[in-house]
Amino acid sequence: MTVHVSYIRFHMTQAKFPPGPSTNLLWAKEPSIRKDVLGHFHNTVRAYNGISRAAVGPYHYVNISEPAYIERIFTHPEIYEKGRDARTLRFILGNGLVTSEGEFWLKQRRLIQPLFHKSRLQSFVQKIEESTAAMLKNWEGHTGEVIDMHTEMTQVTLDIVSQTLMSTEVKGDFKRISDALVVVMEGMMKIIKLPVWVPTPGNLKMQKNRALLFDTIAKIIEERRASKTVYNDLLTMLMEVEDADTRERMTDTQLRDEVITIFLAGHETTANAMSFTFYLLAQHPEIKQRVVEEFNSVIGDGEMTFDNLNKLAFTTMVIKEAMRLYPPVWGITRDASQEDVIGGYRIKKGDSIAMSPYAVHRLEKYWENPLKFDPERFSPERMKNIHRYAYFPFGGGQRMCIGNNFAMMEMQIILVMACTQFNFTLADNFKLELEPLITLRPRHGVKMVLTKI
Ligand code: HEM
């Protein structure tokens, strides 16, 4: 057996490394990876055939864009683990679902997965409708004015995650939590940074905001444990789930990590996806009109439920197409924990892997006329021609987004409620600029003018 394994290893190390630039991208004369990371990915996936390798600072990055190779990464978690980037994120997300690994992650995922089952999601429809209705009511007082759709979407998704996760409104605690999160996340996005324990002013600010965040969540959990009220929310569910074998429940620290994780993973991504969807619809009133017509014929005055929202086929295609052009998670990384061979090329133990939904979703090779906003690409007939891993806004394999059905349901509700009540146009001279932080955001928001229908 030992002979066999070392024989395979010998062959792996004989394979050539993937092609790529010989200079270190971080010290290059034009460090595109720092100045324009989206442009860098865009160019790299076109310059090489599905796989390339380059030194970035002290590490080597393998950039992968061929769907079959992406599939291998996602479906071989024993080789490709979350690695360095997840360890950085642990500063804020602790050992929650996004950042944990191995047995511990599996145990948590099995505990939490049932909370995202459609029977549970149904119980959140009303809360999502109420938050959206409150936003639309407020819009009525601002028709004809320029509003920032990104701010609106950030607030409504924050309200929704607060209500569904902890039955708490966005005031006091939650405003503080979200502001603190922004400070921490922006600080962490700096590609070259000193370790967080070095007392630079930026790091001290991050530490302070993290402490505030942890205290606020701990206080909410403590209050909840002492309360007699029964809440219908994710926090109650998280507090009640038990390990099937040991019957143990989550510790307070673990609860805190999962709460911050869901809070963060669950609102910014959805807010960005919605902002880009409205941006596209404002330029395509005929597509927006089809969303309205579909809603009127499928649901109309009827009740919104998880099941009948899923019958909104065209609306779903619109959301998918918006996330193709503007995937909220624009880059996904892994680290190789062992040697591997992909497409005949050697992947060295310790290499980082980067896969960019943003770049792959715009590749001419897989998408005809890729810059065109065309929801029909996702019609059942045309979907058959799309490789499963040429489109991966929610990732893939066992680490795929746990909240994808929640997110789709939330986006369907916001979209149909807003589209049936308002028309949107882009503000004069507004030009979309992208800002790739951990999520892909509109740098200066999405400025729009609303009219009531
Ligand atoms: C449009 C909205 C969303 C997008 C585009 C999105 C995207 C993603 C992606 C790409 C991943 C995988 C990351 C990786 O493989 O490294 C992920 C993981 C995750 N997402 Fe989402 N997400 C969205 C909404 C949500 C919502 C609403 C929730 C919760 C309420 C959520 C909770 C999570 C969690 C907990 C994970 C980690 C899963 C694990 O590793 O087991 N996400 N998401």
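If the chain between residue 398 and residue 433 were fully stretched, how many nm would it gain, using 0.36 nm times the residue separation less the Cα-Cα distance?
Working: separation 35, 0.36 × 35 = 12.60 nm, distance 3.30 nm.
Extending this stretch completely gives an extra 9.3 nm.
How large is the helix-only mean residue ellipticity at 222 nm for the chain, computed as the sum of -39500 (n - 2.57) over DSSP H runs with n ≥ 4, divided by its residue count, in deg cm²/dmol to the nearest 500?
Estimated from H runs of four or more residues: -16500 deg cm²/dmol.
Using a Förster radius of 51 Å, what is the FRET efficiency between residue 205 and residue 119 based on their Cβ-Cβ separation? Nearest 0.05, please. Before the final figure, lay out each step's value.
Values: r = 43 Å, r/R0 = 0.84.
So, using R0 = 51 Å, E works out to roughly 0.75.
Net charge near residue 418, counting Lys/Arg +1 and Asp/Glu -1 over other residues with Cβ under 11 Å of its Cβ? Please list the in-between numbers first.
Values: positive: 288; negative: 152.
After counting each charged neighbour, the total is 0.
Per residue, what volume in Å³ does the convex hull of the Cα atoms of segment 2-452 enclose?
Details: hull volume 77.8 nm³, N = 451.
Expressed per residue, the convex hull around the Cα atoms of segment 2-452 is 172 Å³.
How high is the relative contact order of segment 2-452? Use alpha-carbon pairs under 8 Å, at least six apart in sequence, and give a whole percent. Please report the intermediate quantities before stating the final value.
Values: 622 pairs, mean separation 115.2, N = 451.
With pairs under 8 Å counted, the relative contact order is 26 percent.
Listed here are the pairs 16/372; 320/431; 320/349; 137/288; which of them are more than 26 Å apart at the Cα?
16/372; 320/349
In segment 230-320, which chymotrypsin sites (Phe, Trp or Tyr not before Pro) fall in coil by DSSP and have 16 or fewer other Cβ atoms within 10 Å? Intermediate values should be presented prior to the final figure.
Numbers: sites: 231, 263, 276, 278, 279, 295, 306, 314; in loops: 231.
Those that pass, being in a loop and sparsely packed, are 231.
Compare the peptides 404-411, 87-94 by average per-residue count of other Cβ atoms within 10 angstrom and give them in order, highest first.
Details: 404-411: 21.9, 87-94: 18.4.
Put in order of decreasing packing, that is 404-411, 87-94.
How big is the dipole moment of segment 2-452 about its Cα centre under a simple scheme where the beta carbon of each Lys and Arg is +1, that of each Asp and Glu is -1, and everything else is neutral? Debye, nearest 20, please.
Values: 56 positive and 53 negative charges, 305 e Å.
In total the dipole reaches around 1460 debye.
Helix check for the chain. Which DSSP H runs span at least 24 Å along their own axis by Cα, with a mean Kyte-Doolittle hydropathy no less than 0.0?
Qualifying helices: 149-166, 252-283, 404-421.
Local charge sum around residue 330 (other residues, Cβ-Cβ under 15 Å, Lys/Arg +1, Asp/Glu -1)?
Numbers: positive: 324, 362, 441, 443; negative: 36, 85, 268, 433, 435.
My count for the surroundings of residue 330 gives -1.
Using a Förster distance of 30 Å, how high is the FRET efficiency between residue 388 and residue 226, based on the Cβ-Cβ distance and rounded to 0.05?
Numbers: r = 47 Å, r/R0 = 1.58.
The computed FRET efficiency comes out at 0.05.
Would you mind calculating the gained length between residue 283 and residue 348 on full extension (0.36 nm times residue separation, minus the Cα-Cα distance), in nm to one decimal?
Numbers: separation 65, 0.36 × 65 = 23.40 nm, distance 4.58 nm.
Length gained, residue 283 through residue 348: 18.8 nm.
Dipole of segment 2-452 (Lys/Arg Cβ +1, Asp/Glu Cβ -1, origin at the Cα centre): which of 220, 390, 342 lies farthest to the positive side?
342
Add +1 for every Lys or Arg and -1 for every Asp or Glu among the other residues with Cβ under 11 Å from the Cβ of residue 251, and state the total.
Details: positive: 249, 256; negative: 248, 252, 257, 258.
Charge balance near residue 251 sits at -2.
At 0.36 nm per residue, and after removing the present C-alpha to C-alpha distance, how many nm does the segment from residue 109 to residue 140 gain when stretched out fully? Working shown, then result.
On the way: separation 31, 0.36 × 31 = 11.16 nm, distance 4.17 nm.
Gain on extension, residue 109 to residue 140, equals 7.0 nm.
Read-outs throughout are calculated quantities, based only on the coordinates presented, and are distinct from any laboratory measurement. Given the structure is predicted, the values throughout are model-derived calculations rather than measurements. Every residue, glycine as well, gets a Cβ built from its backbone with ideal geometry; the counts of neighbours run over all protein chains shown.
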